[in-house]
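What follows is a single structure, written as structure tokens, with notes after it.
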Amino acid sequence: MTIPETLREDNIYLGDFGMAIQGGTAVTAKVQTPTRFCAPERFYKTDPSFASDMWSYMCIFAWLYLDFHLVCGRGGVQVMSYLVNTLGPLPERWHGDFKYYDQQGDDGWYDQRRVPVEHKTLMSEVARREPAVSKEEQELVVRIFEKVFCYEPTHRWTAAQLLEDPDFIDLMGRYGSGYGGCLTK
């Protein structure tokens, strides 16, 4: 992604996908497109939440940092297969509830003995970044990703937690953001 020089400034602003609603609002269409930014629980009859927004935010953050999409695939089955190959099996309690148009989920997604595919782990994906970064920075980025890229929304870090996280603050500081912690002092 190349950003024209005329659009560059010191501040970065992220906008929403055009679907702003009050947190906790029930919606008919649970899955938000593009599916590569959609939190996995949304494929399982779950309404949008602050936690699903954090998943989407981290997908964008990963794209900006890596310069490629961390989550690949078109449509629900491809996206979920990619996630399972990267993060490991889905929660067993989700089995049988996958919903994305007329597509069916894969029983293998819920096999708790399943492990991530070696060349698809978060670490292997971060290692593909160009220009390459040190092993120490790769580990830092993976620690940040793991705080948000978890299946259970209740275990996913909030924006407030991330803004106070030493790893996140360290990474932001490396790229000249001048960010030094919580913005609401």
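The values are calculated or read from the model by the stated rules, or taken from the named source; none is laboratory data. Remember, predicted model here, so these are calculated numbers, not experimental data. Heads up, the Cβs are rebuilt from the backbone with ideal geometry, glycines too, and the neighbour counts pull from every protein chain shown.
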Scanning the stretch 7-24 for residues that are exposed (fewer than 10 other Cβ atoms within 10 Å of the Cβ) and farther than 26 Å from residue 129 by Cβ, which turns out modelled with the lowest pLDDT? 18
Index of the failed condition, residue 175 passing every other in (1) touching a residue at least 12 places away in the same chain (Cβ under 8 Å); (2) surrounded by fewer than 15 Cβ atoms within 10 Å (Cβ to Cβ): (1)
Considering the stretch 74-127, residues that are among the small types (Gly, Ala, Ser) and surrounded by fewer than 16 Cβ atoms within 10 Å (Cβ to Cβ), and then whichever is farthest from residue 142 (Cα to Cα), we arrive at 96
Given the structure, is residue 1 at pLDDT below 85 and touching an Asp or Glu at 6+ places or on another chain (Cβ under 7 Å)? yes
With respect to residue 94, is the statement that it is touching a His at 6+ places or on another chain (Cβ under 9 Å) and of a type in the set (A, V, I, L, M, F, W, C) true? no
Conditions (1) touching a helix residue (DSSP H, G or I) at 6+ places or on another chain (Cβ under 6 Å); (2) closer than 26 Å to residue 168 by Cβ; (3) touching a residue at least 24 places away in the same chain (Cβ under 8 Å) -> residue 68 fails only (1)
Residue check, residue 169 surrounded by 15 or more Cβ atoms within 10 Å (Cβ to Cβ), without any contact (Cβ under 8 Å) to a residue 24 or more places away in the chain and either closer than 18 Å to residue 71 by Cβ or not polar (S, T, N, Q) (or both): yes
What tally of residues in the stretch 36-87 results from selecting those that are at pLDDT 95 or above, closer than 14 Å to residue 126 by Cβ and among the acidic types (Asp, Glu)? 0
If we scan the stretch 94-101, do we find a residue that is of a type in the set (Gly, Ala, Ser) and touching a residue at least 40 places away in the same chain (Cβ under 8 Å)? no
Could you grab me the full set of residues in the stretch 18-65 that are free of Cβ contacts under 8 Å to residues at least 60 places away in the same chain, touching a Ser or Thr at 6+ places or on another chain (Cβ under 8 Å) and of a type in the set (D, E, K, R)? 42, 47
Give me the residue from the stretch 128-149 that is under 23 Å from residue 2 (Cβ atoms) and either touching a Gly at 6+ places or on another chain (Cβ under 7 Å) or modelled with pLDDT of 95 or more (or both) and, out of that set, surrounded by the fewest Cβ atoms within 10 Å (Cβ to Cβ). 137
When you scan the stretch 74-185 for helices (runs of 4 or more DSSP H) that lie fully inside it, which ones turn up with 1 or more residues that are among the β-branched types (Val, Ile, Thr)? 76-87, 122-127, 135-148, 166-174
Any idea which of (1) among the aliphatic types (A, V, I, L, M); (2) in contact with a Lys or Arg (Cβ under 6 Å, 6 or more places away or on another chain); (3) part of a loop (DSSP other than H, G, I, E, B) is the one residue 54 doesn't satisfy? (3)
